[in-house]
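Below is one structure, written out as structure tokens; the observations come after it.
The values are calculated or read from the model by the stated rules, or taken from the named source; none is laboratory data. Just so you know, these numbers come straight off a predicted model, no measurement behind them. Cβ placement follows ideal geometry from the backbone for every residue including glycine, while neighbour counts extend to all protein chains displayed. In case anyone asks, the SASA skips ligands and DNA or RNA and just uses the protein heavy atoms, side chains included. Shrake-Rupley method; radii C 1.70, N 1.55, O 1.52, S 1.80 Å.
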Amino acid sequence: MQTFAQYLLGSVGFGGIYALAALGLVLIFKTSGVVNFAFGALASLSTMILWAGIHRLHVSVGIAWVIAVVAALIIGGLCEVLLLERLRRAPITIQIVLTLGLLLLIEGISGLVWGYTPKGIPLVIGGKSIGGNGFFIARDDIFIVALTLVVALVMTVVFQRSRIGLGMRAVAADRETAALMGVPVRRYVLASWSIGVMITSLSAFLVAPKVSLSPTMMEDIAVFAFAAAVLGGFGSLVGAVVGGFVVGIAANLIAGYLSTNYQLTLVFVLIVVVLYLRPNGLFGRAAVARQ
Amino acid sequence: MSPASRTVPGGRAAARIAQWAMVGAVVVIGVLFPQVYGQDFYAVTIATECIVYALITISLNLLVGYGGQISLGQAGLVAIGGYAGAYILEKVPSLPFPVELAFAAVLTTIAGLILGLPTGRLRGHYLAVVTLGLGVAIPQIALNLTSITNGRTGLIVNPASIGSLALASPVAIYYMCFVVTCLSVIAIHSLLKTRTGRAFMAVRDSEQAAAAMGINVQRTKITLFAVSAFFAGIGGDLFGHLQNLVAPGAFPFSLSLFFLAAVIVGGSASLPGSVIGAILLVLADTQTTSLPGFEPVVVGGVVVLVLLIIPGGLAAVPATLMRLRSRQGRRRARTGSLASGAGD
């Protein structure tokens, strides 16, 4: 029982990271209908900027975070303006493959600029783990969980309670009608790309100290985050958070009790089983296919 | 989700002649290539790679373009085919090549059937994550099932043989892949004209309408996955011979993305498109290996540029040009996308 509890506590950090990454993915999907497969690469790029802020500009970690967050907002916006906006009318598969191309392009460019040697990023909150009696949780993990919950809460409140959220939901429900009703569709889609990439970048800033930073750092994380978003029902913010923690905890329990060799495989087996029982994810609604 | 239209109204006879001329040209170039470049093993190997990738891209296009199903795990099926061929050749070294190929294809088809089973309930992103799971799981299983797969080192692929003839030289492997791919393309082309092939497209366009026409939607989808896996397995066996080795590292997730990109860059639901898309991306990839670090930039750049300029993929170029020429005036009024059928 004690080991079980410790596995649970040890998995919340990565759970939060998957949840945060999935939130960014889901936000973009909700308003623009595009699954942004480049989300991991874009987040790695922002983290490279964070590293450059600390090690090239020699600013403090806090200021480097601010610079990197602003950079992430700009990167997300540029993707939308330069690429996705131009293919807005193309079938959705084409838009998805466009983001796959972008994934390679961004990874390649960060590789050329910063190289593939792993780099270190400082923990946001270091120091000893908290707890006793065999139960420990890292301070950094507490920060990750807290930040994830705050971001999710703010997003949910904005979506459900504010005029901006109403507009975003209108765009998600029917873009054409929303435009006819005078909703500034372009602005909302742009904002969701900007903020979505920024939120996924936050997860990358948090994971970088745990695994070392490289242009391909987010590849595995992105796979888990994508699975988390789907598990949660792809389109549900609560679902993304729950999905992230479920995937994180499942991965850790599988590694602890069954096998580290088959960790990834078993996580996917679990997801397939869940999807077979609930074809629209844990929190998804059986909606008509979005086209 | 509907593909760029392939038939051009009017000039149908001309289009047919052009099609046959193109097929003839491809076959002549394909047959003559090693006669001209036979001494240059590097060029022959790259050409073989283009052929094998074209076949795998077509197998994925069956699923994505003709069937309207998404797959992010085609490399997993390719890996099964590759390992199956390598394993059986290791056990029975004198096995005739057609038997080996059939073994790889059948084993991969079974995997495809299993993958196709939940598709009755899953679509869109849910299907994407299931196929993604396959693509990620297969290399991991190959890495750990050491008794069969020899773990990280992988299996050496013995040369294929027909009777006493060993197909070991790059030119022999080239012709082997060329013949198998040509036969597969003919089979796929014919299949698409049958009742089953048309059922694939009917299900893609509307599941409800297809069901109303008496098509068993679920069975059609499972067949589609099985057929796609069959040809992916053949491609995987050829892939193994091309590389002389199958190892878990040879089938990363990015390989699945590569095939998907080749389908879309070439043009969905177009066989010539898949061939062109695969060749373009293989060349973009192999021609940049001398510039370390530029590979992903060039491949990614090609994908992004092609889609920005011609969203329907390269196969849409002739149709787009003809339509622009024939109804320029009308088109100016409708400033829709270049990809016809985008709004279906």
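In table form, for the structure just shown:
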{"item": "Single residue of the stretch A:168-181 satisfying the filter (assigned to a helix (DSSP H, G or I) and charged (D, E, K, R)) that is farthest from the chain's Cα centre (by Cα)", "result": "A:Glu176"}
{"item": "Members of the stretch A:46-61 found to be out of contact with any strand residue (DSSP E or B) (no Cβ under 8 Å at 6 or more places or on another chain) and open to solvent by less than 10 Å² (accessible area, probe 1.4 Å), listed by number", "result": "A:Ser46, A:Leu50, A:Gly53"}
{"item": "Enumeration of residues in the stretch B:269-296 that are in a helix (DSSP H, G or I), of a type in the set (A, V, I, L, M) and open to solvent by 30 Å² or more (accessible area, probe 1.4 Å)", "result": "B:Val275, B:Ile276, B:Ile279, B:Leu280, B:Leu283"}
{"item": "Condition check for A:Leu102: facing chain B (nearest Cβ under 8 Å), open to solvent by 20 Å² or more (accessible area, probe 1.4 Å) and in a helix (DSSP H, G or I)", "result": "no"}
{"item": "Restricting the stretch B:297-309 to residues that are under 17 Å from A:Glu85 (Cβ atoms) and more than 22 Å from the chain's Cα centre (by Cα), the residue that is least open to solvent (accessible area, probe 1.4 Å)", "result": "B:Leu308"}
{"item": "The stretch B:83-94 residues that are over 20 Å from B:Gly249 (Cβ atoms), paired with ones that are outside any helix (DSSP H, G or I) (beta carbon under 8 Å, 6 or more apart)", "result": "B:Ile88/B:Leu95; B:Leu89/B:Leu95; B:Leu89/B:Val157; B:Leu89/B:Asn158; B:Leu89/B:Ala160; B:Pro93/B:Asn158; B:Ser94/B:Ser161"}
{"item": "Filter result for A:Thr3 (out of contact with any Phe, Trp or Tyr (no Cβ under 7 Å at 6 or more places or on another chain), away from every other protein chain (no Cβ under 14 Å) and over 26 Å from A:Leu112 (Cβ atoms))", "result": "yes"}
{"item": "Neighbours by Cβ (under 6 Å, 6+ apart or cross-chain): first from the stretch B:249-268, assigned to a loop (DSSP other than H, G, I, E, B); second surrounded by fewer than 24 Cβ atoms within 10 Å (Cβ to Cβ)", "result": "B:Phe251/B:Pro139; B:Gly267/B:Leu314"}
{"item": "Hits in the stretch A:105-135 (condition: hydrophobic (A, V, I, L, M, F, W, C) and part of a strand (DSSP E or B))", "result": "A:Ile130, A:Phe135"}
{"item": "Checklist (1) more than 22 Å from the chain's Cα centre (by Cα); (2) more than 14 Å from every other protein chain (Cβ to nearest Cβ) applied to B:Gly293, failing item", "result": "(2)"}
{"item": "Within the stretch B:13-68, tally of residues that are under 22 Å from the mean Cα position of the chain (by Cα), of a type in the set (Phe, Trp, Tyr) and modelled with pLDDT under 90", "result": "1"}
{"item": "Output for the stretch A:56-84, where each listed residue is without any contact (Cβ under 8 Å) to a residue 24 or more places away in the chain and more than 14 Å from A:Ile106 (Cβ to Cβ)", "result": "A:Arg56, A:Leu57, A:His58, A:Val59, A:Ser60, A:Gly62, A:Ile63, A:Ala64, A:Val66, A:Ile67, A:Val70"}
{"item": "Unmet requirement for A:Val12, which otherwise passes all of (1) in a helix (DSSP H, G or I); (2) open to solvent by 10 Å² or more (accessible area, probe 1.4 Å); (3) within 30 Å of A:Ala178 (Cβ to Cβ)", "result": "(3)"}
{"item": "Residue selected from the stretch A:128-180 under the condition polar (S, T, N, Q) and open to solvent by 30 Å² or more (accessible area, probe 1.4 Å), by the criterion modelled with the lowest pLDDT", "result": "A:Asn133"}
{"item": "Index of the failed condition, B:Leu72 passing every other in (1) farther than 13 Å from B:Ile279 by Cβ; (2) surrounded by fewer than 24 Cβ atoms within 10 Å (Cβ to Cβ)", "result": "(2)"}
{"item": "Helices (runs of 4 or more DSSP H) enclosed by the stretch A:182-291 - at least 3 residues per element that are open to solvent by less than 30 Å² (accessible area, probe 1.4 Å) and modelled with pLDDT of 85 or more", "result": "A:185-207, A:218-231, A:237-253"}
{"item": "The stretch B:111-137: number of residues that are open to solvent by 30 Å² or more (accessible area, probe 1.4 Å), out of contact with any helix residue (DSSP H, G or I) (no Cβ under 7 Å at 6 or more places or on another chain) and either more than 9 Å from chain A (Cβ to nearest Cβ) or part of a helix (DSSP H, G or I) (or both)", "result": "2"}
{"item": "Single condition B:Val203 does not satisfy, out of (1) open to solvent by 30 Å² or more (accessible area, probe 1.4 Å); (2) over 19 Å from A:Leu98 (Cβ atoms)", "result": "(1)"}
{"item": "Yes/no for B:Leu183 being under 23 Å from B:Val26 (Cα atoms), in a helix (DSSP H, G or I), open to solvent by 60 Å² or more (accessible area, probe 1.4 Å) and out of contact with any Ser or Thr (no Cβ under 6 Å at 6 or more places or on another chain)", "result": "yes"}
